[in-house]
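Novice: This is the structure I have questions about; it appears just below.
The values are calculated or read from the model by the stated rules, or taken from the named source; none is laboratory data. Note that the structure is a prediction, hence the values are computed from the model and not measured. Here the Cβ positions follow ideal geometry from the backbone for every residue, glycine too, while neighbour counts run over all protein chains shown.
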Amino acid sequence: MNSKNALKSSERFRELGLLIFIIVLSALFQLRNPSFLTLANIKDLLANTAILGILSIGMMMVLLTRGIDLSIGATMALSGMVCSLTGIAYPGMSPLVSILQGMAIGLVVGSIIGILVAYFNILPIIATLGLMNIIRGLTYLVSKGKWVSAYQMSEGFKNISKGTFLGINNLVALAIIIFIMFYYFINYTRTGRFIYAVGSNPDTADVVGIPRKRIICMVYIFMGVLAGLAGVLWVSKFASAQGDTAVGYELNVIAAVVLGGVSVSGGRGKVSGIILGTILFGILANALPLIHISPFWQQAIQGIVILAAVIANVLMKRSNDKSALKKRVI
Amino acid sequence: MSERTIEIQKTRTWKTFIFQWEWFLLLLFILICGINASLSPYFLSFDTFLNAPMNFLDKAFLVLPLMMVIVLGNIDVSVGSIVALSSVIMAVSYNAGLPMPLALMLALVVSTLCGFINGFLITRFKELSATIVTLSTMIIFRGIAYIILEDRAAGKFPEWFSFLAWGSIGKLPFIFLAFIAAAVIFGLVLHRSRFGREIFAMGNNSTACRYSGIKTDAVLMKVSLLTGFMAGITALFLTSRMGSTRPNVAQGYELDVIAMVVLGGVSTAGGKGRIGGPILAIFIIGFLNYGLGLVNISAQVLLIILGLLLILSVMIQNARFLKRNQKSARPLTIKS
């Protein structure tokens, strides 16, 4: 009982730490550049971070099962490209149909990965690395190497990201809805809890009768659908679809999720954590250019942040386990 | 799955000899050469056979240590970035006035250091999978390359430096000879030395190895150092071939190299594989690339083919692995 409390309090401490870190960081950025904490910039920041947030919830579920998905950047490019091309072919198409189309593409990709990982026992990194290249190649083939630019897109399509819902930007509103849905799903449904069980101990999950393979497959399908959705949003937001849309974006997503305290060895992580992680990552991405840090530094900084977060997670878990051992009454 | 069954014995009969993965690879290789020859009448000449490999053999140096990594059951996706970083540092330090031989040494030192960082993180933080460690070092190493060179290119190497990739001794290209030497050394180390046996043993069961007195951390570290060092060698040949370097060189090498290793019959579950397979796979993918170039098929199609090859070969390997396990391994029973 004691150790459980210790665990809980340390996790809360972690989130509190993250929150304090966010506040301190924002204050520092504000000192360097007073335009950081303006309403316009915060709105901008949230809209930019929304796509990252939508993806991070999918990636969290994948990481919870000890997996990884490197293909989401490519999935985003494919779905964005196909949707904008069909948007050109049928200019009167409702934006809602575009979104559904993108999600359908993501569903197909996610199902392929899920089946490969769950039923063919292919390591997630290898399956998704392979798929990443296949999908990226397909995107180039579909677009024949051309770009789709802003003037070719219909207003309706561009308005997906520009419009507002109850006064909030559509992207942010969508991200909030998705967060609430998955928060409920992960924490309060049986299937959601199974994800944790599969990740923290696959063998036990098998023994207790949890449909492990089905859960793993499901997780990649969710990831695919979210990536497909994000692809449409991305293309609508930046008003351009290219063969190399969102190259390497999967690493940003992994970074945000890991920052939020999700363990890459499975079974640990919370939705509230990844919200903070995503916001922190969004702040970093938004503020580094504002305080005039060269874009060439950003990749290295991002990598170091991931590594530091991962190592911090490990150290935290070690000290947790140690204190749990100390408190055990013999 | 693989950890739960133990293969009791391994017999070599004519059956296992005939159903070797390597024969399939050889068949594939001959097939690709046949297709290439039908596309271009010049293909089946001695010169082409010797000169075509120059274009892809730089990667091949990475295949050898990465085979060790995968036999260990690990993975390393940072190799492309190590190549880029050491190539960039070599070029920049040479342009800053360092003599070329020293710049070469520096490149090797840097790449080995990168390998050391990977090895240190992997052995020190065992809770982390090699995937996430090398993924983050992949970003960091390439990020450092970008910090150093931004979006410029660096080059203007001395004349003799191009010998590495383009020169030949007699009729044989230098890079070809160097690769054969490296392959022989790695083959001997993997299959004829104690270190090699330790790698295979650790791939099968790392915990058992630690309990039976193998210094598992030291083995992991040595393999990481070797991977870094060979990435440096690759950087030398690659830079020499291209004549200049940019921070985005060797992007996606990790996929190519992992695909070659896995196509070569090395199981991603660890503990299985023979050096001949990956070497054949290097030439299969290399000549496939060459043939696609002959018929003017774009690089994107190659991406698709490479991805498909990677996934299909893992699927076939897994199926073979499961089948063999079902046949030859009896589950351990405990009598009470």
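Novice: Grab the helices (runs of 4 or more DSSP H) fully contained in segment A:152-269, keeping just those with 3 or more residues being touching a residue at least 40 places away in the same chain (Cβ under 8 Å) and surrounded by 24 or more Cβ atoms within 10 Å (Cβ to Cβ).
Specialist: Hits in segment A:152-269: A:190-200, A:212-238, A:249-259.
Novice: Look at segment A:135-151 and say how many of its residues are without any contact (Cβ under 8 Å) to a residue 60 or more places away in the chain and surrounded by 22 or more Cβ atoms within 10 Å (Cβ to Cβ).
Specialist: 1
Novice: Have a look at B:GLY228, B:GLY286 and point out the one that is at pLDDT 90 or above and under 16 Å from the mean Cα position of the chain (by Cα).
Specialist: B:GLY228
Novice: Here's a follow-up. Of the residues A:PHE157, A:PHE182, A:PHE165, which is of a type outside the set (Val, Ile, Thr), away from every other protein chain (no Cβ under 14 Å), farther than 19 Å from A:MET76 by Cβ and out of contact with any Lys or Arg (no Cβ under 8 Å at 6 or more places or on another chain)?
Specialist: Of the residues listed, the single one that is of a type outside the set (Val, Ile, Thr), away from every other protein chain (no Cβ under 14 Å), farther than 19 Å from A:MET76 by Cβ and out of contact with any Lys or Arg (no Cβ under 8 Å at 6 or more places or on another chain) is A:PHE165.
Novice: Restricting to segment B:154-163, give me the number of residues that are part of a helix (DSSP H, G or I) and either in contact with a Gly (Cβ under 8 Å, 6 or more places away or on another chain) or facing chain A (nearest Cβ under 8 Å) (or both).
Specialist: So the answer is 1.
Novice: Here is a follow-up. Can you pull out every residue in segment A:16-67 that is surrounded by 17 or more Cβ atoms within 10 Å (Cβ to Cβ), under 13 Å from A:ASN286 (Cα atoms) and modelled with pLDDT under 80?
Specialist: Listed by number, the list holds a single entry, A:PHE36.
Novice: Let me ask another. What is the one condition in (1) of a type in the set (Lys, Arg); (2) out of contact with any Gly (no Cβ under 6 Å at 6 or more places or on another chain); (3) at positive phi that A:ARG66 does not satisfy?
Specialist: Checking A:ARG66 against (1) of a type in the set (Lys, Arg); (2) out of contact with any Gly (no Cβ under 6 Å at 6 or more places or on another chain); (3) at positive phi, the one that fails is (2).
Novice: Could you list, in sequence order, the residues of segment B:164-173 that are surrounded by fewer than 18 Cβ atoms within 10 Å (Cβ to Cβ) and assigned to a helix (DSSP H, G or I)?
Specialist: B:TRP166, the sole residue that qualifies.
Novice: If A:ILE275 passes every condition in (1) in a helix (DSSP H, G or I); (2) within 14 Å of chain B (Cβ to nearest Cβ); (3) within 28 Å of A:ALA77 (Cβ to Cβ) but one, which one does it miss?
Specialist: The failed condition is (2).
Novice: Go through (1) under 30 Å from B:GLN317 (Cα atoms); (2) within 14 Å of another protein chain (Cβ to nearest Cβ) for A:VAL108 and report which single condition fails.
Specialist: The one condition A:VAL108 does not meet is (2).
Novice: State all residues of segment A:130-152 that are facing chain B (nearest Cβ under 8 Å) and charged (D, E, K, R); if no residue qualifies, say none.
Specialist: A:ARG136
Novice: Something else now. Which members of segment B:115-149 meet the condition of being touching a Gly at 6+ places or on another chain (Cβ under 6 Å) and of a type in the set (Ser, Thr, Tyr)?
Specialist: The answer is B:SER136, and nothing else.
Novice: Give segment B:239-270 a look and list any residue that's crowded, with 24+ Cβ neighbours inside 10 Å, more than 14 Å from chain A (Cβ to nearest Cβ) and hydrophobic (A, V, I, L, M, F, W, C), or say none.
Specialist: B:ALA250
Novice: Has segment B:278-295 got at least one residue that is more than 14 Å from chain A (Cβ to nearest Cβ) and touching an Asp or Glu at 6+ places or on another chain (Cβ under 9 Å)?
Specialist: Looking through segment B:278-295, at least one residue is more than 14 Å from chain A (Cβ to nearest Cβ) and touching an Asp or Glu at 6+ places or on another chain (Cβ under 9 Å).
Novice: Cβ contacts < 8 Å: first residue surrounded by fewer than 13 Cβ atoms within 10 Å (Cβ to Cβ), restricted to segment B:42-55; second residue of a type in the set (S, T, N, Q) and in a helix (DSSP H, G or I), any location; separation 6+ or different chain. Result?
Specialist: Correct list of pairs: B:TYR42/B:THR48.
Novice: Looking only at segment A:278-330, how many residues end up being facing chain B (nearest Cβ under 9 Å), among the polar types (S, T, N, Q) and part of a helix (DSSP H, G or I)?
Specialist: 4
Novice: Out of the residues in segment A:99-133 that are in contact with a Leu (Cβ under 6 Å, 6 or more places away or on another chain) and under 18 Å from B:VAL77 (Cβ atoms), which is surrounded by the most Cβ atoms within 10 Å (Cβ to Cβ)?
Specialist: This residue is A:ILE113.
Novice: Looking only at segment B:101-153, count how many residues are among the polar types (S, T, N, Q), more than 14 Å from every other protein chain (Cβ to nearest Cβ) and surrounded by 23 or more Cβ atoms within 10 Å (Cβ to Cβ).
Specialist: Final tally of qualifying residues: 1.
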